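Student: One structure follows; several queries about it will come next.
The values are calculated or read from the model by the stated rules, or taken from the named source; none is laboratory data. These figures come from a predicted structure and were not determined experimentally. Note that each Cβ is placed from the backbone with ideal geometry, even for glycine, and that neighbours are counted across all protein chains shown. For accessibility, only protein heavy atoms count, side chains too; no ligands or nucleic acids. Shrake-Rupley method; radii C 1.70, N 1.55, O 1.52, S 1.80 Å.
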Amino acid sequence: MPASREAVSGRAEDATDVVAALAVLWGGKWILALTAALGLLLGLAAARFLLTPRYQSEAVLILDQSPDLGGGAPHPVPGLGRDFSAINTQIEVLNSHQMMRNLVSHLSLDGDPEFNPALRPGPLRLGADPAPIAAADETANAVATEVRRAFAISNIRNSYALSIVATSTDPDKSAELANALASLFVQGQVDTKHADVDSAVDWLSARVVTLEQDLTDQEAILHDLQTQVETANADEPARRLSEARNRIDSLRQRRGQLLAEKAHLGALRATGPAGLTDADLEDGSLNLLARDAQAGDGAALAAFFDRVTLLSKRADRDLSLTDEQALMLEQAIARLEGEIAETTALVTRQRQVERDARATALLHETFLTRLKETTLRRGLQTADSRIISPATPGTKIAPATLRLGIVGMLCGAALAACFLFLTNYHKSGIPDAQQLESATRVAVLGHMPRAPIRDRRQLVEYLAGHPTSPLAEAARNLRTSLLLSGQGLPPKVILCTSSVPDEGKTTTAISLAHNLAGLGRSVLLIEADIRRLSFRDYFSENPDGGLVSAMEQGAALDRLIRPDSRLGVDILMGERSDRSAADLFSSPAFGRMLQDLRKDYDHILIDSPPVLAVPDARVLGQLADAILLSVAVERTGQSCVQDALRELASVNLKVSGLVMSDLKPARGPVQRTGQAYGVHTRYYEV
């Protein structure tokens, strides 16, 4: 149930905000109407007199789906495919920088100020002109880029048609641009095909000439080889080689016989006639001498050995002669084999050259046929696309007068609404004490005007030198109201704080301390805003330390507290600490220190951080006798002040009074909701 009540309450607040916003708009209805009418008139005037009209024309191309030539003959250059990648490729060709440069050259667009930025009115250029060639090329590129922006090329859905849309400041020029680009594209396809065919003809012609020369060279080589083969006549060396091989075989057999005969004769020398048989040697004389020697004839025996010796010498002579003849025949065989090998190589070379010549002749005939076919087809080339819808003078597309009028009216109404909300926003601030007290139910004890100084460092000097200034008088009024507001003793420990940063709490604390000292009382001013340490802008820093040194290190207060002769008060400066400031002020050491200081001073003023930024003020408030909450007039929203009071009340703290301050204008948007805790982090950046 509580959650349900919170949801209902939230919706009610949202509805209230919407009603309030509508009420603000209704209250300024005449301002809304006038600014909307003015915006409408300005939009119509801009469309009529200020903006340059734009016209758009469209030409339509259709891509040929059949790349073949008439009669079923294959196209020598491949045509368009049926897939959409080919269509996208043609779109990229139309959009290419080179195509745009061709269009610029074709229509002389480099002399048109619409596309040539150099011809448009502009600031006077000083200095020498660049080199003519570089300038011309740079100008052509710039004009081509501008021309490309004037085109929108796309594929008409579910078709092979391309839409070429040209935009220009002149209706006739837009049609001329679209038609010229389409014509250049179609003619470029034909020119590309012609160039491809010419390139093929040149290559085929060069190849045919090369093959003719190769064929002539091969025929000359073949003729020489045929002459050499006929001269060589391989049959005669083969016959002679056969005869030589037969003869050497006979000689080898004869040599074997001679070796056997020589061996037998050598044996007869050892055995004598007894070892001879009629079949051993075909020598009749030796046989007769052997019989006689066996019969006992001594002369026959001597003649027998002489005959054996003679036959041995004859066998040696015949063997030597046989070896010489065999060597000569082997040399002749080697020579004949070489001649036959050479002749065979010539025949093999001849056959190889014959095959190469036949292949070259076939290639020559094939390339010659292709050359004739390609040359004949050059005149049959056609484009892969054609113009089916030429562009007509363009229609106006910009400026859209009615649309600009409506936009101007809406902008005027929006500006008026912003003005009304800002005016209401400033009026919803807290302009006077009565409204502040009515909204917070807390008494306003004083109003601190803005000090006429340029820098906060001048505040102390200003207070000391101008004791009757409006700021000093306002501080006296605040002092009087504070000291007389209670029924008991005047407060000793006074906490000066605010809802959000930059609301003048530090100025209030310094001014009030100065006025309390003017009563002849002892006053101590403590800087408890140890995150920001703003006292350094008003007072000189104590090298011995400050508030943190007294609490964490136990330093003597008489060394840390420094009197300020200009204000007549004592100052305890703040210091940075590694510990949380809320934890530091919640420690017993701080309470004891404050109790000791109560004995030494009539009044102790503590400059505290803002309530909605950090919890320090709620901790310090537990030790204070009075709490002053500074409110910056025309800057602080009611919700911020109420949230600050609610935060203090949550820890049983009651604000003694409010101080209206107006030190300087806001540096950011006013926080008008309760979400104020996370929007002032810059205040504590160190």
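Student: State, to one decimal in nm, how far the label point of residue 37 lies from the label point of residue 91, with both points 7 Å from Cα in the Cβ direction.
Tutor: 4.9
Student: Taking the alpha carbon gyration tensor of the range 212-259, what are the square roots of 5 times its eigenvalues, largest first, to the nearest whole Å? Can you show the working numbers first?
Tutor: Values: eigenvalues 429, 15, 4 Å².
Semi-axes (√(5λ), whole Å): 46, 9, 5.
Student: If you don't mind, there's one more thing I want to ask. In whole angstrom, how far apart do the alpha carbon centroids of the range 450-527 and the range 136-211 sit?
Tutor: 84
Student: Follow-up question, since we're still on this one. If we restrict to alpha carbons, what Rg and Dmax does the range 255-408 come to, in Å?
Tutor: Cα radius of gyration and Dmax of the range 255-408 are 53.1, 168 Å respectively.
Student: Oh, and also: Expressed as an acute angle from 0 to 90° and rounded to the nearest 10, what is the orientation of the C-alpha long axis of helix 171-232 relative to the principal long axis of the chain?
Tutor: Helix 171-232 and the main axis of the chain meet at about 20 degrees.
Student: May I ask for the angle, rounded to the nearest 10°, between helix 298-377 and the longest principal axis of the chain, with both axes built from Cα atoms and the value confined to 0 to 90°?
Tutor: The answer is roughly 40 degrees.
Student: Spin-label point model (7 Å from Cα, Cβ direction): what's the residue 533 to residue 138 distance in nm?
Tutor: The modelled label-to-label distance comes out at 5.6 nm.
Student: Give me the percent of DSSP beta bridges within the chain that run antiparallel, rounded to the nearest 5.
Tutor: Percent antiparallel among DSSP bridges in the chain is about 45.
Student: Report the local net charge at residue 594: Lys and Arg +1, Asp and Glu -1, summed over other residues whose C-beta lies under 15 Å from its C-beta.
Tutor: -4
Student: Distance check, please: which entries in 492/654; 29/396; 173/193 exceed 28 angstrom between their Cα atoms?
Tutor: Those over the limit are 29/396; 173/193.
Student: With every protein chain present, what is the per residue accessible area of the chain (1.4 Å probe, Å²)? Display every interim value, and only then the final one.
Tutor: Values: 37940 Å² over 686 residues.
Per-residue value: 55 Å².
Student: Would you mind counting up the charge near residue 358? Only other residues with Cβ under 12 Å from its Cβ, with Lys and Arg at +1 and Asp and Glu at -1.
Tutor: Numbers: positive: 351, 355; negative: 219, 354, 356, 365.
Summing Lys/Arg as +1 and Asp/Glu as -1 gives -2.
Student: For the chain, find the longest principal axis of its Cα atoms and tell me its angle to the long axis of helix 401-427, 0 to 90°, nearest 10.
Tutor: Long axis of 401-427 versus the principal axis of the chain: about 40 degrees.
Student: Moving on to the next point. Which residues' amide hydrogens lie under 5 Å from the amide hydrogen of residue 162, considering only partners 5 or more residues apart or on another chain, with H built in the peptide plane?
Tutor: 61, 62, 63, 156
Student: Per-residue HN-Hα couplings for the range 286-293, Karplus 6.51 cos²θ - 1.76 cosθ + 1.60 at θ = phi - 60°, whole Hz, x for Gly and Pro?
Tutor: 5, 5, 4, 5, 5, 5, 5, 5
Student: For residue 115, enumerate residues with amide H under 5 Å from its amide H, sequence gap 5+ or separate chain, H modeled in the peptide plane.
Tutor: Excluding prolines and chain starts, which carry no amide H, there are no hits.
Student: For the chain, what does -39500 (n - 2.57) per DSSP helix run (n ≥ 4), summed and divided by total residues, give at 222 nm, in deg cm²/dmol to the nearest 500?
Tutor: Details: 20 runs with 391 residues, N = 686.
Helix-only estimate at 222 nm: -19500 deg cm²/dmol.
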